[in-house]
Protein chains: 2
Amino acid sequence: MSGEEDPTQQQQPEQEKKPDEPPSAASDAPQQESGSSSPAAEPAAAAAEQPAAAAEPAAAAAAPAAEEKPLSFRALVLTGHGGYDKVKLQVKTMAKPKLKAGEVLVRVKACGLNFAELLGRQGLYELLPSPPVTMGMEGSGVIEAVGEDVNDRKVGDRVIALARSGMWQEVVVVSADRTFLMPEEMSFEEGAALTINYMTAYMMLFEMANLRPGKSVLIHMAAGGVGIAATQLCQTVQDVTVFGTASASKHETITQGGVTHPIDYRTKDYVEEIRKISPKGVDIVLDPLGGSDTQKGYSLLKPLGMIIVFGAANCVTGQRKNLLAMAKTWYNQLSLNTMKLMQSNKAVSGFHLGYITDEQLFGRTMSTLLELYKQGKIKPRIDSSYHFEEVTEAMKRMHERQNIGKVILLPEPKKEEEKPKSNAEAGENVEKNDAAISEKKEEEVKAEKD
Amino acid sequence: MSGEEDPTQQQQPEQEKKPDEPPSAASDAPQQESGSSSPAAEPAAAAAEQPAAAAEPAAAAAAPAAEEKPLSFRALVLTGHGGYDKVKLQVKTMAKPKLKAGEVLVRVKACGLNFAELLGRQGLYELLPSPPVTMGMEGSGVIEAVGEDVNDRKVGDRVIALARSGMWQEVVVVSADRTFLMPEEMSFEEGAALTINYMTAYMMLFEMANLRPGKSVLIHMAAGGVGIAATQLCQTVQDVTVFGTASASKHETITQGGVTHPIDYRTKDYVEEIRKISPKGVDIVLDPLGGSDTQKGYSLLKPLGMIIVFGAANCVTGQRKNLLAMAKTWYNQLSLNTMKLMQSNKAVSGFHLGYITDEQLFGRTMSTLLELYKQGKIKPRIDSSYHFEEVTEAMKRMHERQNIGKVILLPEPKKEEEKPKSNAEAGENVEKNDAAISEKKEEEVKAEKD
């Protein structure tokens, strides 16, 4: 693969045959273990023995003759740690995927790309299993089969699905508990964009921090997936002031989305800019950057304020692991003792959705988010959608922070005549600086983020 | 003074004459500076030129002849850092205290004793000015005079007053903004007990942490002033589980006050006890201890939980500064980096009321607390009241954790025939272990706290 040199070159699927490996998404759900020892799961699992090629799940369910046909599906597999070329499109073939009790088979229609996958590709995301591994933590699709003991899902249901990894494939087996029914008016792209970003933003703002009327929030990378989600969620509370950093070309969009004070971090010192507007600082800082930015965020906090560190984007500079950037981020990370916290009346917290294992919390948060969606209070902004064979382009777009909103991956093959399904074609919404990045060497990209 | 050896020996007031020093409480209130340069403050200040001996403020205001008489008042003065004997009862005399704009003169009826004053006496409270200094951060009393620009306070008003120091005296000049009108049904003792403890507990539970229905809270020293306040405030939220540490003799009282699971930290490991009842831990830890207890509290937190460190009681062991205990507390204090916080999804914060300077926050919190008092949802528990000449006994009671609730100091001289005004006479509410402490050497007290 030469994806690194030419990101627009599309992948040709590799053929791989693994008859005994079900297309399961990785999950911590304990019911998977209990289901595996249950012989009663067999009859229900038979419902899953249908061709992956069946476009209409209802039709497929009514075609017993198809049982003989092996399941063949496309998957994006991380083959090793490194650059863009380590994510390969493969076609897997397998017979008879058997559903355990509590599981469902989902035909995936859209998947979300997250920063965690960029980190994972570089070997910097400890929760991703070692390669080879199918990536992807979120997606949406249609249920094609249900295992035993699944009472609240049925074939044909449009669902959002969550997993630790394994969502970037055409069909996936997940625990029914990790699926959420989609409202009728929600598109598959929106469904795939809702989970990770909005759950992260929601838990940070309302579970960890205590966002209430009149508070102020600093949102870094305000045009990114979590940034847009957090901005929208801030609008659900009265009189919240949002400071949002993004490159100047994105200011109009994020302002329309609810950012009160957009700040171009590339040309201005955001600490100074915020102090000019609010000399006392801010109440909440959402920090996906880490390193020295955490120290700056801490210094900006008002008394009783809280900074939530939820990433180390400063580590991710080039497309491969950058030891210097990592060392700098680590060296500059905020370390503190309780005396210092007492004298400043401040709170420091860390957030990482991947380490949350409370299923009730997931369920409660998702139903709140789906309710907010139905009320029209939140709406995922889709930046662009790429077919699996265009995954390099998708990763590159996110890595270089060209996106405004969510980057989506589509499992279905790209049609020959189809143009790229992107809302931001040919540099639209991308300032000159952004467009120029793809021509720079990766070392030069390190200071640029939003 | 031999108060160290015999805490029950009462002090004889020392006479001191400082004609030019007004009995001001120390405060950061900016209006004091602006007022001092205002010549218009003079006429209003004349109202304050009345004898300190006037028991009835209304009568005093109507007695212009009294202007000639110097103001004489009793005050508890820290004369140096060290043991109990460093706090001396003095009588100060002074002519014509002039009120600046925005100030009021309060005849103090009751004062609160706080852990901060024990620390301050030992030279461990950095916000207390250097000795000699009149101590005391909170009190209640009656307004005897008002300065210019004070429109919402009048002579005769019963108020709670707050200051950085200087409240332990019979009359005090404070900024009107730092006074709060008392409900009719509130006693002066209750007024003096409400401010520091309840504001601390309220701001921690509702401003920093995000106490909501169904959460669990660990309250150390649950029989202490902040402990009882926090327990009562937890009752204002549905379905909150309170784990409270205290010595066994106090369990009945704190259980009646709302502690769900009392734990005798002296005979049991509280971490183990909590894990037995709630294997996943707790949502909020209020930590006044510091050192290794902070580490234990952190380990007990559920994901998305928060520990708030608001003291270092582990530093205070003997009655004098204990360098070994301090070193141990410092050495064992929790120090952490943001990566660790992210992986555990936890929040660490510090709280120190003394460093809060937001007057609006004080006002908002006090009016909430006064409203909760009127509704009968909170009620300060007075452990005991001591006259100024009994200050050594008062400090000793708190230092040795014999109190259940607030220890109050009364400026008015003790009448000869009067018995100690204590709710806990002759060992009532005090277990044998507690009673024995006063006979121990101070080094032996260090491991005991609640």
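In table form, for the structure just shown:
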item: Using a 7 Å Cα-to-Cβ projection, residue A:266 label spacings across copies, nm, ascending; result: 6.7
item: Full-stretch length increase - residue B:12, residue B:377 - with 0.36 nm per residue and alpha-carbon distance subtracted; result: 127.3 nm
item: Long-range amide H partners of residue B:103 with built H, under 5 Å; result: B:147, B:148, B:176
item: Residue A:152/residue B:260 FRET efficiency (R0 51 Å; Cβ-Cβ; nearest 0.05); result: 0.90
item: Label-point gap, in nm, between residue A:271 and residue B:95 - each point 7 angstrom along Cα→Cβ; result: 5.4
item: Virtual spin-label span in nm between residue B:368 and residue B:280, 7 Å along Cα→Cβ; result: 2.6
item: Residue-averaged beta-carbon neighbours from other chains (10 angstrom radius) around B:357-363; result: 1
item: Rounded Å value of the spacing that divides the Cα centres of region A:162-195 and region B:70-132; result: 65
item: Heavy-atom accessible area per residue - region A:66-157, 1.4 Å, Å²; result: 32
item: Residue-by-residue Karplus 3J(HN,Hα) for region A:165-174, coefficients 6.51, -1.76, 1.60, Hz, glycine and proline x; result: 6, x, 7, 7, 8, 5, 10, 8, 9, 9
item: Segment residue A:184-residue A:335, length gained on full extension (0.36 nm per residue, minus Cα span); result: 49.7 nm
item: Segment residue A:414-residue A:248, extension gain: residue separation times 0.36 nm, minus the distance between their alpha carbons; result: 56.4 nm
item: Long-range HN-HN contacts of residue B:135 with modeled amide H, under 5 Å; result: B:76, B:78, B:166, B:168
item: Exercise: per-residue mean of other protein chain Cβ atoms within 10 Å, A:302-308; result: 5
item: Chain A, rotation onto B, residue closest to that axis via Cβ, with its distance in Å; result: A:210, 2
item: Neighbourhood net charge (15 Å Cβ-Cβ; Lys/Arg +1, Asp/Glu -1) for residue A:153; result: -2
item: Per-residue SASA entry for residue B:396, accessible area with 1.4 Å probe, Å² rounded to 10; result: 30
item: Over region A:129-241 - Rg/Rh using Cα atoms and the Kirkwood inverse-distance radius; result: 1.05
item: At 1.306 mPa s and 10 °C, Stokes D of region A:247-300 from Kirkwood alpha-carbon radius, µm² per second; result: 132
item: Modelled FRET efficiency - R0 41 Å, residue A:212 with residue A:69, Cβ distances, 0.05 increments; result: 0.10
item: Under-5 Å amide H pairs with residue B:282, H placed in peptide plane, nonlocal only; result: B:301, B:302
item: Inter-centroid distance (Cα atoms) of region B:199-231 relative to region B:238-264, Å; result: 13
item: Label distances, nm, residue B:130 versus same residue in remaining copies, Cβ-directed 7 Å point; result: 6.4
item: Of A:340/B:100; A:374/B:215; B:109/B:377; B:379/B:415, pairs whose Cα-Cα distance is over 32 Å; result: A:340/B:100
item: Residue pairs, from the table B:86/B:406; A:328/A:396; A:296/B:268; B:276/B:328, whose Cα atoms sit over 31 Å apart; result: A:296/B:268
item: Whole-percent carbon and sulfur share, accessible surface of region B:214-363, 1.4 Å; result: 51
item: Residue-by-residue Karplus 3J(HN,Hα) for region B:201-216, coefficients 6.51, -1.76, 1.60, Hz, glycine and proline x; result: 5, 5, 5, 5, 6, 10, 9, 7, 7, 10, 5, 9, x, x, 7, 10
item: Peptide-level mean, for B:228-241, of C-beta atoms on other protein chains within 10 Å; result: 0
item: Contact surface A-B: accessible area buried, both sides summed, square angstrom, 1.4 angstrom probe; result: 3400
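The values are calculated or read from the model by the stated rules, or taken from the named source; none is laboratory data. All values reported here derive from a predicted model rather than from experimental measurement. Here Cβ is always computed from backbone atoms with ideal geometry, including for glycine, and neighbour counts include all displayed protein chains. What goes into the accessible areas is simple: the full protein's heavy atoms, side chains included, and nothing from ligands, DNA or RNA. Shrake-Rupley method; radii C 1.70, N 1.55, O 1.52, S 1.80 Å.
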